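The values are calculated or read from the model by the stated rules, or taken from the named source; none is laboratory data. Since we're looking at a predicted model, the values are computed, not measured. Note that each Cβ is placed from the backbone with ideal geometry, even for glycine, and that neighbours are counted across all protein chains shown. What goes into the accessible areas is simple: the full protein's heavy atoms, side chains included, and nothing from ligands, DNA or RNA. Shrake-Rupley method; radii C 1.70, N 1.55, O 1.52, S 1.80 Å.
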Amino acid sequence: MYKPPNPLEVPRFAGIRTFWRLPYLKEIPRGVDFAVVGIPFDTGASYRVGARYGPEAIRSQSLILRSHNPVLGISPFEYCSGIDYGDLPVVPGYIEDSYKRIEEGLSTIVGEGVIPIALGGDHSITLAELRAIARRHDPVALVQFDSHTDTDPNYYGHKYNHGTPFIRATEEGLLLVDRSIQVGIRGSTYSKDEIDKTRRLGFEVITAEEIYRLGIKEVARRIQGRVGDAKVFVTFDIDFVDPAYAPGTGTPEVGGPSSREALELVREGLKGLNFVGFDLVEVYPQYDPGFITALLAANIVFEFISLIGLNKMQLMRMVSR
Ligand code: MN
Ligand code: MN
């Protein structure tokens, strides 16, 4: 089993900083369930820059994580095994070249039957991840936590940007759009019909205002109902959370959910889904006083890993029955 060292034997602040102090391995051993991988690319950003330092910041803040998740009632490493695969070799300034390298790097993980958990990087990276995912799994459902739809047709006359990954993903046939959902959309938009256009692409969209009207529990039910038993990729843009809780991001939008609401939505909305990959993007440490955004990001990834552990526990119980 690949897991973090016991925090009561080795102090959490000691050692080299991988995610959750997982073993750093560039070869994927047999029996591993998930691999955390950094994608330190930020050339796709349209406003602030600096997400290239996101993976390092999230890894640093992840040291505080202990082994048990009391809310979900799971110690994930009793049931699953994971590594930190390090970072993929992106090319700053060259998005299409970086896309090729991200797709190749992620394909290596996905090809082993391992669930990738990517740490961004700006949101442009998700298109390359989805290319690798669809290569192995065919089109998959998408659950997108974000304050933006990221379905703009182009930026400055160019196709690839952190505001375009999901229109490109639909054009490339990487998604089961009728099983896909975006949650948290808010803020000013470039055009009058931005959200309607995303709905016309086929996505279910739940805006931040609708989250408050419906309540977290109902939104969680809608995510579950939309995805059903489809294979699903979960993409979490940290700007989903209100900038009062997550200021260290590229395009902050006020009036969003709190960190507690985000954790509840992740736990309840995603519990039991058939995961093929995750990412956590848009952490910009230079705008992050007290490291609170990176700390939240690390804890959301902790929930992802707990959910992988829960699925594995259910599977092992079914097999042993
Ligand atoms: Mn985004
Ligand atoms: Mn966003």
Study note, to complete from the structure: Looking across the stretch 267-308 at residues that are within 16 Å of ligand 2 (Cβ to nearest atom) and β-branched (V, I, T), the single one that is surrounded by the fewest Cβ atoms within 10 Å (Cβ to Cβ) is I300
Revision key, fill the gap. Checked against (1) part of a loop (DSSP other than H, G, I, E, B); (2) in contact (Cβ under 8 Å) with a residue 40 or more places away in the chain, S191 satisfies every condition except (2)
Review point. Given (1) of a type in the set (D, E); (2) open to solvent by 60 Å² or more (accessible area, probe 1.4 Å); (3) not in a helix (DSSP H, G or I), where does E253 come up short, assuming only one miss?
Key: (2)
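Here's a check for you: in the stretch 132-146, which residue that is in a helix (DSSP H, G or I) and either of a type in the set (G, A, S) or in contact with a Cys (Cβ under 6 Å, 6 or more places away or on another chain) (or both) is surrounded by the most Cβ atoms within 10 Å (Cβ to Cβ)?
Kept after step one, since they are in a helix (DSSP H, G or I), are these residues of the stretch 132-146: 132-137.
Retained after the next criterion (residues that are either of a type in the set (G, A, S) or in contact with a Cys (Cβ under 6 Å, 6 or more places away or on another chain) (or both)): 132, 134.
Numbers: A132: 23, A134: 20.
The qualifying residue surrounded by the most Cβ atoms within 10 Å (Cβ to Cβ) is A132.
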Study note, to complete from the structure: Flagged in the stretch 1-20 as under 18 Å from S306 (Cα atoms) and surrounded by fewer than 11 Cβ atoms within 10 Å (Cβ to Cβ), in numbering order, are N6
Study note, to complete from the structure: The residue that is nearest to the chain's Cα centre (by Cα), considering only those in the stretch 30-51 that are open to solvent by 30 Å² or more (accessible area, probe 1.4 Å) and either of a type in the set (F, W, Y) or more than 24 Å from P285 (Cβ to Cβ) (or both), is Y47
Review point. Quick one: how many residues across the stretch 7-44 are in contact with a Ser or Thr (Cβ under 9 Å, 6 or more places away or on another chain) and free of Cβ contacts under 8 Å to residues at least 40 places away in the same chain?
Key: 0
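Quick check: is even one residue across the stretch 219-230 β-branched (V, I, T), more than 12 Å from ligand 1 (Cβ to nearest atom) and under 29 Å from Y284 (Cα atoms)? Steps first, please.
Within the stretch 219-230, the first condition is being β-branched (V, I, T), and the residues that meet it are 219, 223, 227.
Narrowing further to those that are more than 12 Å from ligand 1 (Cβ to nearest atom): 219, 223, 227.
Filter once more, so that each one left must be under 29 Å from Y284 (Cα atoms): 219, 223.
Within the stretch 219-230 (the criterion being β-branched (V, I, T), more than 12 Å from ligand 1 (Cβ to nearest atom) and under 29 Å from Y284 (Cα atoms)), the answer is yes, since at least one residue qualifies.
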Practice item. Could you please find all residues in the stretch 225-243 being within 16 Å of ligand 2 (Cβ to nearest atom) and surrounded by fewer than 20 Cβ atoms within 10 Å (Cβ to Cβ)? Key: P243
Check your understanding: Which is at negative phi, in contact (Cβ under 8 Å) with a residue 12 or more places away in the chain and in contact with a strand residue (DSSP E or B) (Cβ under 8 Å, 6 or more places away or on another chain), of I102, I64, I95?
Key -> I102
Revision key, fill the gap. When every residue in the stretch 231-242 that is aliphatic (A, V, I, L, M) and part of a strand (DSSP E or B) is compared, the one farthest from ligand 1 (Cβ to nearest atom) is V232
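For every residue, the table says whether it meets (1) surrounded by fewer than 19 Cβ atoms within 10 Å (Cβ to Cβ); (2) within 16 Å of ligand 1 (Cβ to nearest atom); (3) modelled with pLDDT of 95 or more; (4) over 26 Å from G86 (Cα atoms).
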{"residue": "I117", "(1), (2), (3), (4)": "no, no, yes, no"}
{"residue": "L130", "(1), (2), (3), (4)": "no, yes, yes, no"}
{"residue": "H148", "(1), (2), (3), (4)": "no, yes, yes, yes"}
{"residue": "Y155", "(1), (2), (3), (4)": "yes, yes, no, yes"}
{"residue": "E171", "(1), (2), (3), (4)": "yes, no, yes, yes"}
{"residue": "L175", "(1), (2), (3), (4)": "no, yes, yes, yes"}
{"residue": "R179", "(1), (2), (3), (4)": "no, no, yes, yes"}
{"residue": "S188", "(1), (2), (3), (4)": "yes, yes, yes, yes"}
Practice item. Would you please name the residue that is nearest to the chain's Cα centre (by Cα), looking only at residues in the stretch 69-110 that are loosely packed, with under 14 Cβ neighbours inside 10 Å and closer than 21 Å to N6 by Cα? Key: V71
